[in-house]
Structures are given as structure tokens and as C-alpha cells.
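Here the structure comes first, spelled out in C-alpha cells, and everything after it is commentary.
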Amino acid sequence: MSTKIKTLISGRGLLSLLVLVCLLVSVPSASSTPGHLDDPDTKSTNVSTLDRLQMNLFVNYDTNVQPTIQGKATNVSLGLSVNYLDIDELNGKITLHCWLTVRWMDEQRSWNIKQYDNITKLHIPDNKVWKPQIMIFNAAADEGNYPVSTQVILSNDGSFLWVPPAVYTAYCALNMINWPYDQQICKLKIGTWSVSNLNAAYNKVIDYDDLVQSSEWEIVSGRTEFVHKDYYSYVEFIFTTQRRSSMYKAIIFTPASCIVLLTLAAFWLPPKMGEKIMLNGILILMIASFLMYFAQLLPVLGGNTPLIVLFYSASLLVLSISTIIEVVVLYLATAQHKRRVPDIVKRLLNGKLGSCLMLSHFTNDAELPATQSNGLPKEMAENLYNSVEDMTSPLDINPTDTPSARALQFDWVLLATAVDRICFVAFSLVFMVLSIVYVA
């Protein structure tokens, strides 16, 4: 009996020991350590303040609905920062590399910075928030003109800032009449079809302080105009650009000056020189080459042909007339004339007109070699030359009624020289007028 009682007591003790162990295992304080994920307080501390702020701001947020301010659709402000500008004259297009500056407000997206570890700004992917669909209205048809996807900055006062880069290509009505000293006014109409209250509510709408200077164009000024319609609105950015024309002075205006000077210098060459016609022919080829160069460089314009092109074209016409006159002068000076120069013409050449044309100093120096070439002895030619030199006026070379062939020829050479001098004065005035009208 005692043995059974001992066995029962020992069994109950073992059972009690097992129950005690089970109780120790099941107590949380004994098996858990501080900071376990099942602890609600510990779980909340593992969520960052930034994530908690974003979750609180964008609960039930719809990216397709425009934000509101006091029950009205928020205003969208648009600005432009220009990086590079270029103009394609042949196709009539302007290309603009820029940064857009888009701002709007959302009163429901503001927060108290003290509750969120003094966080003042959030950087959010642009596909996670509502943003206006900005586009260019006067875009070139074959170009993509949409801003690049970038992050949006949200401030604690509920203001959004979106600064995407963009490359815009738009048509521009070019006025090339003053080329290469021309100024072009080009417009970019940037806006959105979905937002009707677009404006520029901040200070600097157009910024080109960081502009990378083009090799040919520089921005003189920029301004904006706002166009509001019933269902859409846009901002019209108007740029006034000036061409850098220092190179054109060397390749266009310097040759033009040389052509004018050589054309006028040809009238001072001796009237018997056929090389004058050759010189004019070379100048005509030069002008034709420049006109072909202009045709390759400039677009075909309907009503505003550049003045410098008109100057070259008019110079070609003037030079052609000059060549015809030189042919007539060469004929007067070299042909074997049988008739005398009319007396009224001789009196004019011997009077004030001859003095103004500096014909009183004209001598027949060029006739001495010609006399020798005709086979006359050298002594006879010199005597003939000295006898002419003793006369008071070259027009009195033969005062008799029947002048010699030499005197007759000299009168025609003198007339040819007078024609050259008169044409020099006339063509000088013509080139002055062309320069004032087409170049100045």
C-alpha cells in the first residue's frame, strides 16, 4: 500500500513539473524580446516619417482630377528658361531648347512640418500626381514637342513645382529683307487643352540668363502675351532675335565694295584698251557666282527679297550696261574714222565741260608708239609728236578745214575719253543710290 502511494505522489510531481514548464513557455514576457514586430508600438516606429507623410497626403488621390482652391480649379503658372535657340531659314522654323517652369496649388496637399520631422518638400514622380498636359500649339508638324518626364516638387504649403526639359520646334514667319542684319520675331504658343486658367503669376516669365550663345543668333528681348479661350488657354512667348553678322562683312560686303571700285576704275583706263571689257566680264562672273551662292543659302521668299541680293542683281545690270558702253568707247577710239567730230561736240570738249572732265590735260602720248608701229621713221614720229605738243590745246591739233588722219583720229579718241569720264560720274551716282537704298 505504501509503495502505491509513493508511485502516485511521484507521478503527480512529474505532471506538476510539466505544467510549470508549459506555463513558462506560454508567458509573452518570458519568451518575447523588446521590439518584436507583433508589438503595435514597435511596428509603427519602423515606418519612416517620409512614407507616413506620403501615405497621409495621397489617400484617395486621383491623378486625373485637377486640384481645387476654395472650390475652384487651381491656377497653373507657366514660365520658360531658354538654354539654346536656333533658326532654320530654309524651312522657316525656330528650335528652342528650354526648361519649362510649371506651378500650381493644391490646398489638400499641405501639412504641418512639426508633425513630420520638419520635412518641407517632397520629390514625387510626375506620374503619381496630377499635372497639366503642356504642349506647343504652333508646333512643326513633323516634330515631337512634349516635355520630358521628371519629378515634381511638393512643398508643405501645398504648392507644386514641375520643371521638365523640352525641345520645341515651331514655325516662324521670317522677314529676310534686311539680311544679314535682320531681326526675327518668332512666337511659341505653349499651353494646354485641359486647363482654361493658365497664367504667369510669378515674376520672371522668360529667363535666358543661362543661354548658350548660338553661333549666329542672339536673343535681344522676350515678352509674353496671354490668350484665354473658353475651353483652353495658352501663353504666347515672343522672342526678338538678332543675327550675328560679323562674318558676312568679310564674305559679302567687302567683295561688293571691290566690284564697285573695279567697275568705276575701268572708266579711267585708256580708251583703246580692250582689257576693260575683259575686266567687266570677270566682274559679271563674280556677281553671278554670288547670286548663285545666295540662292543656295537663302529660302525662296515671295515678298521680302533681301536688299543685298537686290544690290547684287542691280549691280549685274549696271555692269552689263557698262560693258556695252565700253564696247562703244573702244569702237570710237580704234575705228578708222572718215568723218570729223561734230563742231558742237568739239566746242563742248574744248570748253568748260572739257575742263570739268580734265580733258585739257589729255595728250596723245599713246599715239607715238602707234606711229612708230605704222612704219614711220623714229625722227619723223618725234617731230610730229613735238609739233602737237606745241599747240595750246589738243583740240587745235589741226585748225585747218581738212585735218590729217592723225588729227582726226585723235579727236575721236578724245571723244571716247570724254564718254568714259561722263560714265564714271554717272555710274558713281548710280552706285551711291544703290548703296543708300539697298545697303544703308
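Values for this structure:
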{"quantity": "Calculated FRET efficiency for the pair Ile324/Asn83, C-beta based, R₀ 45 Å, to 0.05", "calculated": "0.20"}
{"quantity": "Tail weight of P(r) past 25 Å, computed on alpha-carbon pairs of the range 190-308, percent", "calculated": "57 percent"}
{"quantity": "Heavy-atom accessible surface of the range 113-245: percent carbon and sulfur, 1.4 Å", "calculated": "48 percent"}
{"quantity": "Amide hydrogen neighbours beyond the local backbone of Asn83, cut-off 5 Å, H modeled", "calculated": "His97, Cys98, Trp99"}
{"quantity": "24 Å Cα-Cα threshold exceeded, pairs from Lys272/Lys346; Lys93/Lys128; Lys72/Lys229; Lys72/Lys131", "calculated": "Lys93/Lys128"}
{"quantity": "Segment Thr120-His97, length gained on full extension (0.36 nm per residue, minus Cα span)", "calculated": "5.2 nm"}
{"quantity": "FRET E, pair Asp210, Leu310, Förster distance 30 Å, beta-carbon r, rounded to 0.05", "calculated": "0.15"}
{"quantity": "Virtual paramagnetic centre 7 Å along Cα→Cβ of Arg223, amide N under 17 Å, in the range 156-199", "calculated": "183-189"}
{"quantity": "Loop-resident sites, the range 316-355, for trypsin sites (Lys or Arg not before Pro), counting at most 11 other Cβ within 10 Å (DSSP)", "calculated": "Lys338, Arg339"}
{"quantity": "Sites Asn175 and Leu50 - FRET efficiency at Förster radius 51 Å, r taken between beta-carbons, to 0.05", "calculated": "0.40"}
{"quantity": "Pair Leu261, Asn75: separation of 7 Å Cα→Cβ label points (nm)", "calculated": "6.2 nm"}
{"quantity": "Full-stretch length increase - Thr150, Val437 - with 0.36 nm per residue and alpha-carbon distance subtracted", "calculated": "98.0 nm"}
{"quantity": "Length released on extending from Ser246 to Gln183, taking residue separation times 0.36 nm less the Cα-Cα span", "calculated": "21.2 nm"}
{"quantity": "When the range 122-277 is reduced to its Cα atoms, the Kirkwood hydrodynamic radius in Å", "calculated": "20.1 Å"}
{"quantity": "Unit charges on C-beta of K, R, D, E only; dipole of the range 103-169, Debye", "calculated": "240 debye"}
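The values are calculated or read from the model by the stated rules, or taken from the named source; none is laboratory data. Owing to the predicted nature of the structure, the values given are computational and were not obtained by experimental measurement. Reconstructed Cβ throughout: ideal geometry from the backbone, glycine too, with neighbour counts over all protein chains shown. All accessible areas refer to the heavy atoms of the entire protein, side chains included, with ligands and DNA or RNA removed. Shrake-Rupley method; radii C 1.70, N 1.55, O 1.52, S 1.80 Å.
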